[in-house]
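This report concerns only the one structure given below.
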Amino acid sequence: MDPLVKLILPDKLLQFSAETLNRNYLNLDSFVRTIIMNRIKFIKDNLIVLKIFLNEILYSSQLRQDVLNGLPKQFINGFNNQLNSLKSRQQIIDWPNREIFRFLFSTLFGYALDHYVLFPQNLWNENEEIDRLITYIINGLSPQN
């Protein structure tokens, strides 16, 4: 797991940052849609490795800590900058960035677990379900006016 945590994961997060966090998003919908579509593609492309990684990280507190300590600053800063920009334009709820991150990615993780790990044999209308996932997240993160 050491090469995965110290080399591959940081590299993939930097790639994610370059593809999704170094942009100007007009609104919450475009931000969430880009993040979700990017991560679903990543999950599908790397499912076997992610299953092994998930199995290891669930049982190793040291591995979890290593992952957290190895998060590239560019990834963290890019995500925070996007959220702060959306907040300044009142496009997203004014919660701490860490809570928004957790809400967004725990919802995505639940979707991925259901569709690709627990029930991959089910026939899904993927486009419809992804649209609902995005709508659900946007409704949860939109400011209440």
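Given points 7 Å out from each Cα along the Cα-Cβ axis, report the GLN15 to GLU128 separation in nanometres with one decimal.
Taking the simple label geometry, GLN15 and GLU128 are separated by 3.3 nm.
When Lys and Arg each count +1 and Asp and Glu each count -1, what net charge do the other residues less than 15 Å away from ASN127, Cβ to Cβ, add up to? All intermediate terms of the calculation are to be shown ahead of the outcome.
Details: positive: ARG33, LYS41, LYS44, ARG132; negative: GLU126, GLU128, GLU129, ASP131.
Here the count lands on 0.
For region 79-123, what is the Kirkwood hydrodynamic radius in Å, using each pair of distinct C-alpha atoms? Don't jump to the answer; show the numbers that get you there.
Working: mean 1/r = 0.0830 Å⁻¹.
Every distinct Cα pair counted, the radius reaches 12.0 Å.
Please turn the phi angles of region 120-133 into ³J(HN,Hα) values with the Karplus equation 6.51 cos²θ - 1.76 cosθ + 1.60 (θ = phi - 60°), one per residue in order, whole Hz, x for glycine and proline.
Values per residue, Gly and Pro as x: x, 6, 5, 8, 10, 8, 4, 4, 5, 5, 5, 4, 5, 4 Hz.
When the expected Rg is taken as 2.2 N^0.38 Å, what fraction or multiple of it is the alpha-carbon Rg of region 70-145? Walk me through the intermediate numbers first.
Values: Rg = 14.7 Å, N = 76, 2.2 N^0.38 = 11.4 Å.
In units of the globular-protein estimate, region 70-145 measures up at 1.29.
Using only helices, what value at 222 nm comes out for the chain when you add -39,500 (n - 2.57) per DSSP H run of length 4 or more and divide by the total residues, to the nearest 500 deg cm²/dmol?
Numbers: 7 runs with 96 residues, N = 145.
Calculated mean residue ellipticity at 222 nm is -21500 deg cm²/dmol.
Using the Cα centre of the chain as origin and beta-carbon charges of +1 (Lys, Arg) and -1 (Asp, Glu), tell me which of LEU104, GLN91, GLN74 is placed farthest towards the positive end of the dipole.
About the Cα centre, the residue reaching furthest to the positive side is GLN74.
Once fully extended, how much extra length lies between GLU56 and ASN38, figured as 0.36 nm per residue of separation less the alpha-carbon to alpha-carbon distance?
Numbers: separation 18, 0.36 × 18 = 6.48 nm, distance 2.38 nm.
Stretched out fully, the GLU56 to ASN38 stretch lengthens by 4.1 nm.
Considering lysine pairs in the chain that are 8 or more places apart or on different chains, how many have Cα atoms under 21 Å apart? Walk me through the numbers before you get to the answer.
Values: LYS6/LYS51; LYS6/LYS73; LYS12/LYS41; LYS12/LYS44; LYS12/LYS51; LYS12/LYS73; LYS41/LYS51; LYS73/LYS87.
Qualifying lysine pairs in the chain: 8.
Assuming R0 = 30 Å, can you tell me the calculated FRET efficiency for the pair ASN81 and ILE8, based on Cβ-Cβ distance, to the nearest 0.05? Please list the in-between numbers first.
On the way: r = 24 Å, r/R0 = 0.81.
Here the calculated transfer efficiency is 0.75.
At what distance in nm do the modelled label points of ARG64 and ASP114 sit from each other, each positioned 7 Å from its Cα along Cα→Cβ?
2.4 nm
Every number in this text was worked out from the coordinates using simple rules, so none of it is lab data. Keep in mind the model is a prediction, meaning the values are calculated, not measured. Note that each Cβ is placed from the backbone with ideal geometry, even for glycine, and that neighbours are counted across all protein chains shown.
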